[in-house]
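What follows draws every value from the coordinates through simple rules; no lab data is involved. Just so we're clear, the structure is a prediction, and the values are computed from it rather than from any experiment. Here the Cβ is made from the backbone with ideal geometry for all residues, glycine too, and neighbour counts use every protein chain on show.
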Amino acid sequence: MNYDISQFRKKGYLIVKNFLSKEEHEELNLTCNTLTRYAKTISAHTQENWLMNTPYNPMMLQGAMKYNETFKKLGRNPKLLKVARTLLRTNHLSTYISKFFPMIPREGKSVSWHQDNYYIEAHPDKLISCDVFVNGATKESGCLRIVKESHKQGVLNHDRQSHQEWIKWIDLKTNEEVIDLELDEPFAVFFHPNLIHGCYENKSRDYRYSVAWEYMKWPYIPTKHNDHISNDLLQV
């Protein structure tokens, strides 16, 4: 194993590597490439579950696992399931609110500082977030950033008025310690739903693909999901 589950409660996150075979990695990249080529032809803000930053600049595909079998297969990866089952202390899981983020070169944007549980309002012992960076990530390409141990702060107020072209719902305190998760290989991040996190913009020449979702104890369903599409609740 290349992760320390015992540290999750303290840190609020853990990183998992070496969970994809060469063939699985190639299949995942092919799916990402194909979907992104299509999304770059979309001019409307919403079309077939796509949300756009600007015309022809896709932000994310909602309900990714419902939309695409390769993403559904990723959520059922044996190594990822093993971690999720250990963290949630159950053998019965579902995947929920899955998303694909293409982040195209030079102008790709995702989401800035926020907490997943602001939207979902889930019981932290029954839900955990997972984010797979298909080819790794750097600051330049838009890596994930987390605020150290911020899951211990509870759910903070988010500024809904800033939900514009690039979401920034939390203004951080000046003394907060930010950790940039940079790796040059595929990796997954499991994190507490209260952890403050966000992404840089993609300023690189490369695409930065990621797939994000929640693992939940089955048959638990949070009472709210706010703006997210919730019809991709899929039992593992």
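Charging the Cβ of each Asp and Glu at -1 and of each Lys and Arg at +1, and nothing else, the dipole of segment 15-235 about its Cα centre rounds to 400 debye. Highest average first, the peptides 98-111, 72-85 ordered by how many other beta carbon atoms sit within 10 Å of their residues are 98-111, 72-85. Which value at 222 nm does the chain reach when only helices count, each DSSP H run of 4 or more adding -39,500 (n - 2.57), with the total divided by all residues and rounded to the nearest 500 deg cm²/dmol? Only helices count here, giving -5500 deg cm²/dmol. Shown here: semi-axes √(5λ) of the Cα gyration tensor in Å, derived from the displayed model; of the candidates [x] 33, 28, 16; [y] 24, 21, 18; [z] 38, 22, 15, it corresponds to [y]. Near LYS217: Cβ cut-off under 14 Å, other residues only, Lys/Arg at +1 and Asp/Glu at -1. The net charge is +1.
Using only the Cα atoms of segment 29-132, build the gyration tensor, take square roots of its eigenvalues as a ≥ b ≥ c, and label the shape rounded, prolate or oblate: rounded if a/c is under 1.5, else prolate if a/b is larger than b/c, else oblate. Prolate, since a/c reaches 1.5 and a/b exceeds b/c. Full extension of the segment from GLU140 to ASP4, taken as 0.36 nm per residue of separation minus the current Cα-Cα distance, would add 46.2 nm. The gain in end-to-end length when the THR54 to GLU107 segment is fully stretched comes to 18.1 nm, 0.36 nm per residue minus the alpha carbon separation. Each residue of segment 98-111 is assigned a 3J(HN,Hα), and the resulting list reads 7, 9, 10, 10, x, 6, 6, x, 6, 9, x, 9, 10, 9 Hz, derived from the Karplus form 6.51 cos²θ - 1.76 cosθ + 1.60 (θ = phi - 60°), x at Gly and Pro.
Dipole of the chain computed with +1 at Lys/Arg Cβ and -1 at Asp/Glu Cβ about the Cα centre; of ILE196, TYR207, HIS92, farthest Cα towards the positive end is HIS92.
Close amide H contacts of GLY108 (hydrogens built in the peptide plane, cut-off under 5 Å, sequence separation of 5 or more or a different chain): ASN202. Estimated at 0.36 nm per residue, the fully extended path between GLU69 and ALA44 surpasses their Cα-Cα distance by 6.5 nm. Bridgeable aspartates and glutamates around LYS217 (alpha carbons under 13 Å apart, same-chain partners fewer than 8 residues away excluded): ASP125.
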